[in-house]
Amino acid sequence: MDAIQQQMLDTYRAARLGEIPPPLPGRHDWDVLRTLRDHWRSRHTLRADDHHHP
């Protein structure tokens with residue numbers, strides 16, 4: 001089963017149970033990538049600052 005088929009099945013189940021459907025596949029990918037980028041940048045900045053202090 002691919003991601004689209006899983007999405008369709010999950011949406012169908014949610015509709016049958018009166019629940020909120022799941023987000024579309026890939027909807028939050030950019031947010032996750034931005035968060036990871038910011039995390040790695042902050043870690044790199046902290047390490048760079050550590051090298052400047054005796």
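The values are calculated or read from the model by the stated rules, or taken from the named source; none is laboratory data. Quick caveat: nothing in here was measured; it's all calculated off a predicted structure. Neighbour counts run over all protein chains shown; Cβ positions are idealised from the backbone, glycine included. All accessible areas refer to the heavy atoms of the entire protein, side chains included, with ligands and DNA or RNA removed. Shrake-Rupley method; radii C 1.70, N 1.55, O 1.52, S 1.80 Å.
Here is how the numbers come out for the structure above:
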read-out	value
One residue from 30, 40 being at pLDDT 85 or above, over 30 Å from residue 2 (Cα atoms) and open to solvent by 100 Å² or more (accessible area, probe 1.4 Å)	40
Tabulated pairs, segment 19-34, first acidic (Asp, Glu), second open to solvent by 100 Å² or more (accessible area, probe 1.4 Å) and modelled with pLDDT of 90 or more, C-beta under 9 angstrom, 6+ apart or interchain	19/13
